[in-house]
Amino acid sequence: MGSRLCAPGPLDKRFAAYVDGLAKAAGHEDRHAPIKDYCKGLLLPGERKSIEPMAARLNPGNVQSERQSLHHLVAKAPWSDQALLDHVRQQVLPAMQKQGPVVAWIVDDTGFPKKGQHSVGVTRQYCGQVGKQENCRIAVSLSVATWDSSLPIAYRLYLPKDWAEDAARRKKAEVPEEVEFQTKPEIALDQIRAAVAGQVVRGVVLCAEQRVVREG
């Protein structure tokens, strides 16, 4: 009887199947276990979601090995974030549409306060999260929305001009050569074009009002 009580229920099975799909979308089999661990680490209790504390929660008996596995997944393994986002869209958007039609595509940028100068994209710029110029990095996103829910379908880090033109810093941070400077509106337009080409269900394109600042 105890074993039956511990057996995974329908929601557990659905979640496991969802994470399995993410692992397969990441490509090579050696990424499957790390990406499952990473997803689990994000969902476990604990405020800090960086690699070190996540590794300690996931594998307290072998933190160093777990940390190396997660770091390789995040920093080195050549998987496509867009492939994962496409998989998520294929799984989640039909469920959203059962509750109501797609009404909008929402363009937004999100600022993440960050100290130092070595993390990719960090520079002093306007950060909406704190409402002023601050050391931060910014991501541009495109989300599909119904009246009740929304889903990010594209998400890209904005690389400021001072980063894009600094060859030494780019090399040290391993920024790919093909990544060039684009303004945030240019990134958003590329995301919209890709969504149109991917035949994503259309909606009115909305953009949150932003403080006008000099980009670069």
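The values are calculated or read from the model by the stated rules, or taken from the named source; none is laboratory data. Small disclaimer: the values here were computed from a predicted structure and weren't measured. Every residue, glycine as well, gets a Cβ built from its backbone with ideal geometry; the counts of neighbours run over all protein chains shown. Side chains included, ligands, DNA and RNA excluded: accessible areas come from the protein's heavy atoms. Shrake-Rupley method; radii C 1.70, N 1.55, O 1.52, S 1.80 Å.
Restricting attention to the range 76-102, and to residues there that are in a loop (DSSP other than H, G, I, E, B), open to solvent by less than 40 Å² (accessible area, probe 1.4 Å) and at pLDDT 90 or above, which single residue is nearest to residue 201 (Cα to Cα)? Spell out the reasoning first.
Of the range 76-102, the ones in a loop (DSSP other than H, G, I, E, B) are 77-80, 98-102.
Those still in the list that are open to solvent by less than 40 Å² (accessible area, probe 1.4 Å) too: 77, 100, 102.
Then keep just the ones that are at pLDDT 90 or above; that gives 100, 102.
Values: 100: 12, 102: 7 Å.
This residue is 102.
Annotation: residue 70 fulfils all but one of (1) open to solvent by less than 30 Å² (accessible area, probe 1.4 Å); (2) hydrophobic (A, V, I, L, M, F, W, C); (3) without any contact (Cβ under 8 Å) to a residue 24 or more places away in the chain; (4) in contact with a helix residue (DSSP H, G or I) (Cβ under 9 Å, 6 or more places away or on another chain); the unmet one is (3). For first residues located in the range 24-47 and farther than 17 Å from residue 76 by Cα, partners that are in a loop (DSSP other than H, G, I, E, B) and lie 6+ apart or on another chain with Cβ distances below 7 Å form the pairs 42/49. Among residues of the range 181-206 that are closer than 28 Å to residue 161 by Cβ, those with a beta-carbon under 9 Å from a residue that is β-branched (Val, Ile, Thr) and part of a loop (DSSP other than H, G, I, E, B) at least six positions away or on a different chain give the pairs 194/200. Taking strands (runs of 3 or more DSSP E) as the structural unit, those lying wholly within the range 103-216 and holding at least 3 residues that are of a type outside the set (A, V, I, L, M, F, W, C) and surrounded by 15 or more Cβ atoms within 10 Å (Cβ to Cβ) correspond to 104-113, 123-127, 132-145, 150-157.
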